[in-house]
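One structure below.
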Amino acid sequence: MESKGLIVKAGQRSEKGIKERNEDCCGIMLPEEPLLSAKGVTAIVADGVSCCQGGRESSESCVRGFLNDYYSTPESWDVKTSGQRVLIALNRWLYGEGLRRYSDDFTMLTTLSALVIKSTTAHLFHVGDTRIYRLRQGDFECLTRDHHRRLSNDRDVLSRAMGADPEVIVDYQSVAVEEGDLFFLSTDGIHGYRNIGEIKKIIEENIEDPEHAARLIVNEAIVKGSKDNATCQIILVKQLPHQNSDELSLQSAQLPFPPSPHHGMKFDGFRILRELGEKNESGRYLAKEEASGNIVVIRVPLTNDVNKADYTDRFLHEEWAGRRINHQNVLKVQDSGKRHFLYYVTEYAEGQSLRQWMMDGPAPSLTEVRNIIEQLASGLKAFHRLEMIHNDLRPENIIIDKEGTVKIVDFSSIKVAGLEKIIAPPHDSRLPLSLDYRAPECSTGTGEDEKSDLYALGVIAYEMLTGHLPYKKAKSGKKQRIYRWARYYNPALPLWVDKTIKKAVAVDPLKRYEEISQFIHDLSKPNPVFAAAPPLPLLKRQSLYFWRGLAIVELVWILILLCFVV
């Protein structure tokens, strides 16, 4: 069956009108696969502020920069993160260039509105007084709000623009898209001089020809007396993709499961050497790449899964995530070239699991533990930079190779922000997730984030230093987590290290460190808050005054007794 993807028809028009030059700029990007599924369709319109010498350059820079940089962001980032980070960077560049090249009165300012349609969702970014409308079943609705401020003489001025300040607030919203929806983007040279009803009528009369409709709207605005540049864009949604029609589903439909590998078997340029065992519902085989002679690991799906489609999606999710991370502390997933079967290839990290390492040396030094935790933190940050949450960090998923390099080796439970809008999460209840290392919020459904991985990292640090887990169940049998100080098991451990780990594994994520780097810093250097000795009891702090007072009281009693004796 032919896959159903996103299909749009688009048109745009921009004219200078009665002005000497056109300071508006617009652009539309209609990429092909795989970018179409990964990033979507984009349209952006910008209106350079005419009183600024750099208005035209500002609008051009924003349009070109957004279209280029948005598609260069990692596919794992969601649309909101990608769009906002690109616009924030563009704003800082405009502000800096304005100060460097022009006087304060002639900075580089522009307004803009950008639309990204990815899967079945439209993402809107907006700064200034350009606008985005949506036409749906006869209802022509403005989805943006002008950033204007009213002056005392009843004249509106811009209250927000790109390049005006070092920091910019970008309005963002996401709306569900239906087939037949039409989005209309315009500068104030259009909506400021044309009746919205007239614009709607032109669009509806030329619904199948957005380019012609855009040209008519711009020309009519100029004829009707528009005193500004006139620019508009029209994007008509003809077809929406299925919720899970992304590159993973396309691959799963094309690649069959491989035959059961065995020693000496050859396929796709690899020769199987031996079986390494199963891990998280996949088989692992040591293999030799015959062209290069490199030793690699081939991971193949197991064929005894009842729901093959769901299992295949999970398997391909592992490869998709792993191939996007390139870090020395993360197992490298390699490009396996043209494949005839469903499998993926990783580097061969010869060594032992962290679990085995702890069993072989049950009392490691604090220095050894710090070294391993720092490497794990570095690997986790590689995930987090791509908006991925590992979600299943535990000793069994960590390898220490012969050179002492620590590697995170499992990707089966990774949560990827950029995929959440186009596919269902690949989680399956049969995956062996360990509750001992999973943060409480992961079990309660409040959502995983970077602090969830921090929690697991803290549990691993605690276990390496004590041989135990940091929490025990309450005696009442409730699922309450009660922390036991690490010094209970390891009295030689400094108190400030114990308090550092306790903060990392706090049950409430709001009480944990904000960043993994803060945990690593406090694990290596005493935090003054943790290192400070607890205040002495009042008796010890005021001991001199206490004993003086006690002596005076006793003296008084002696004198009273003497009086009675006499």
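Taken together, the values in this text are just the output of simple stated rules run on the coordinates, not laboratory data. Model, not experiment: these values are computed from the prediction. For neighbour counting, all protein chains shown are included, and Cβ atoms are generated from backbone atoms with ideal geometry for every residue, glycine included.
Below 17 Å, Cα to Cα, which aspartates and glutamates can Lys266 reach? Residues fewer than 8 away in the same chain don't count.
Glu275, Glu289, Glu290
What's the extension gain from Tyr489 to Asn326 if we count 0.36 nm per residue and subtract their Cα-Cα distance?
Computed gain between Tyr489 and Asn326 is 54.9 nm.
Only loop residues by DSSP count here, and only those with at most 12 other Cβ atoms within 10 Å; note down the GluC sites (Glu not before Pro) in segment 1-92 that meet that.
Here the GluC sites (Glu not before Pro) that fit, given the DSSP loop and packing criteria, are Glu2, Glu20, Glu32.
What do you get for trypsin sites (Lys or Arg not before Pro) in segment 1-59 restricted to DSSP loop and a cutoff of at most 11 other Cβ within 10 Å of the site's Cβ?
Hits after loop and neighbour filter: Lys4, Arg21.
For segment 307-368, which trypsin sites (Lys or Arg not before Pro) are in a loop by DSSP, counting at most 11 other Cβ atoms within 10 Å? Let's see the in-between values first.
Numbers: sites: Lys308, Arg314, Arg323, Arg324, Lys332, Lys338, Arg339, Arg355; in loops: Arg324, Lys332, Lys338, Arg339.
Hits after loop and neighbour filter: Lys338.
Does segment 7-239 classify as rounded, prolate or oblate by the C-alpha gyration tensor (a ≥ b ≥ c root eigenvalues; a/c under 1.5 gives rounded; else a/b over b/c gives prolate, otherwise oblate)?
oblate
Which FRET efficiency, nearest 0.05, do Glu178 and Ile88 yield, Cβ-Cβ r, R0 22 Å?
Details: r = 31 Å, r/R0 = 1.40.
Computed FRET efficiency for Glu178 and Ile88: 0.10.
Need one word for segment 1-113: rounded, prolate or oblate. Basis is the Cα gyration tensor (sqrt eigenvalues a ≥ b ≥ c); a/c below 1.5 gives rounded, then a/b vs b/c decides.
Since a/c reaches 1.5 but b/c is at least a/b, the shape of segment 1-113 is classed as oblate.
Take the cross-link list Lys502/Lys525; Lys118/Lys407; Lys472/Lys502; Lys451/Lys511 and give me the ones stretching past 22 Å between alpha-carbons.
Numbers: Lys502/Lys525 16 Å; Lys118/Lys407 34 Å; Lys472/Lys502 14 Å; Lys451/Lys511 10 Å.
Exceeds cut-off: Lys118/Lys407.
Which of the aspartates and glutamates could a cross-linker span from Lys200 if the Cα-Cα distance has to be under 17 Å and same-chain partners fewer than 8 positions apart are dropped?
Partners within reach: Asp139, Glu141, Asp181, Asp188, Glu208, Asp209, Glu211, Glu220.
Let me spell out the model: positive unit charges on the Cβ of Lys and Arg, negative unit charges on the Cβ of Asp and Glu, origin at the Cα centre of segment 7-239. What dipole size does that give, in debye rounded to 20?
With Lys and Arg at +1 and Asp and Glu at -1, about 280 debye.
Suppose each label sits 7 Å from its Cα in the direction of the beta carbon; what would the Cys51-Gln239 distance come out to in nanometres?
Each label point lies 7 Å from its Cα, and together they span 5.0 nm.
Taking the Cβ of each residue in Ile202, Ile117 as the centre, tally the other Cβ atoms inside 10 Å and list the residues starting with the fewest. Could the numbers behind the result be given before it?
Details: Ile202 18, Ile117 21.
With the fewest neighbours first, Ile202, Ile117 line up as Ile202, Ile117.
Just to be sure I understand the model, the point goes 7 Å from the Cα along the line to the Cβ. What's the resulting Arg64 to Asp360 distance in nm?
5.7 nm
Can you put Met359, Met388, Met108 in order, fewest other beta carbons within 10 Å first?
Numbers: Met359 12, Met388 26, Met108 30.
Going from least to most buried by this count: Met359, Met388, Met108.
Along Cα→Cβ, 7 Å out, is where each label goes; now give me the distance between the ones at Ile560 and Glu290 in nm to one decimal.
Here the modelled spin labels are 10.6 nm apart.
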